[in-house]
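Read the structure below first, then the notes.
The values are calculated or read from the model by the stated rules, or taken from the named source; none is laboratory data. Because the structure is predicted, anything quoted here is derived from the model rather than measured. Using ideal geometry, Cβ is built from the backbone for each residue, glycine included, and neighbour counts are taken over all protein chains shown. SASA here: full protein model, heavy atoms, side chains in, ligands and nucleic acids out. Shrake-Rupley method; radii C 1.70, N 1.55, O 1.52, S 1.80 Å.
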Amino acid sequence: MKKYAPFFVLCAGMLWGTIGIYVKKLNGMGLGSMDIVAIRALFTVVSLFVCLMIYNKRLFTIKIRDIWCFIGTGVFSIVFFNYCYFRAMTLIPLSIAAILLYTAPAFVLILSAVLFGERITKRKILALLATIAGCALASGFSGGVGHTGPAGILYGLGAGIGYALYSIFGRCAINRRYNSMTISFYTFLCASVASVPFADVGKIVSVGESAHGVPVFYLIFAIMSTVLPYILYTKGLSGLENARASVIASVEPVAAAVVGLLVFGEALSAQQIIGIALVIGAIAFTNKACQ
């Protein structure tokens, strides 16, 4: 199963890259950022609850002393990362926010070396630099930084740290031999508890009642952008070092650029194509190192 780990992480990154389809649609319905986070978390919990009830009820079992792992993945990663990223997007240009978000592999590399003793090799550093450069280009960064105050930069870096923390706390849960579905369920249960108080639940319900099929769209959004990718990524973590998994998952902005082209008709610039090539090259380089 270990040989499929890079493939699982790659698929997770590609699914995360489709999130723009759902976010644009939900924004068009009048829902705000935290409303979307809450929808994502709540419908993910419901979906995983049904799956675990059918698949294996024993996967609900966790040890109380391990709850901190899921608070880490759910609150300190999912909720904190989303809040910081959304705040960054309101304070600095979107391209800069995206670049700061994809400093996550660097934080994963450092934290994994300190906490889990993973080696920092030249190959990892090279792949990391290529990934960050590729993500910067793929995000549409053109060299102009616009208005980038310290608050926006700090929120952007906070998003990168929060994004990285899923790999860290997820590794802690994996080391305690929890199934990837168990980890995902309790992650989003904690995320739901933390995000719902900040969402406009009344608006979420009213939008859901406004037209046929909207609740189904909520469910599809949760399954395709959250349930499947987080299960796949967590499963991939069990067979890969954190730093390598984080680099491979950076296919997300590449997938987002392709979705923009195919679904929304957004043209790809030469620099974005170069960025995509850099990210794919870094992933191939990292995958070769795992063999």
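Okay, here's what the table says:
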| read-out | value |
| --- | --- |
| Residues being more than 18 Å from residue 14 (Cα to Cα) and either of a type in the set (Phe, Trp, Tyr) or at pLDDT below 80 (or both) - total across region 267-277 | 2 |
| Contacts under 9 angstrom Cβ, first residue in region 20-48 being closer than 20 Å to residue 212 by Cα, partner of a type in the set (D, E, K, R) and not in a helix (DSSP H, G or I), 6 or more apart | 31/200; 35/200 |
| Condition check for residue 12: closer than 25 Å to residue 193 by Cα, touching a Gly at 6+ places or on another chain (Cβ under 8 Å) and assigned to a helix (DSSP H, G or I) | yes |
| Residue among 90, 61 that is surrounded by fewer than 22 Cβ atoms within 10 Å (Cβ to Cβ), over 30 Å from residue 50 (Cβ atoms) and hydroxyl-bearing (Ser, Thr, Tyr) | 90 |
| Filter pass, residue 115 being open to solvent by 70 Å² or more (accessible area, probe 1.4 Å), more than 20 Å from residue 170 (Cβ to Cβ), at pLDDT 85 or above and of a type outside the set (Phe, Trp, Tyr) | no |
| Matching residues in region 20-50 - criterion: being of a type in the set (S, T, N, Q) and more than 17 Å from the chain's Cα centre (by Cα) | 27, 47 |
| Residue, nearest to residue 219 (Cα to Cα), within region 1-56, restricted to residues that are among the aromatic types (Phe, Trp, Tyr) and open to solvent by 50 Å² or more (accessible area, probe 1.4 Å) | 43 |
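Conditions tested, residue by residue: (1) of a type in the set (Phe, Trp, Tyr); (2) in contact with a helix residue (DSSP H, G or I) (Cβ under 6 Å, 6 or more places away or on another chain); (3) under 17 Å from residue 132 (Cβ atoms).
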{"residue": "77", "(1), (2), (3)": "no, yes, no"}
{"residue": "84", "(1), (2), (3)": "no, yes, no"}
{"residue": "96", "(1), (2), (3)": "no, no, yes"}
{"residue": "113", "(1), (2), (3)": "no, no, no"}
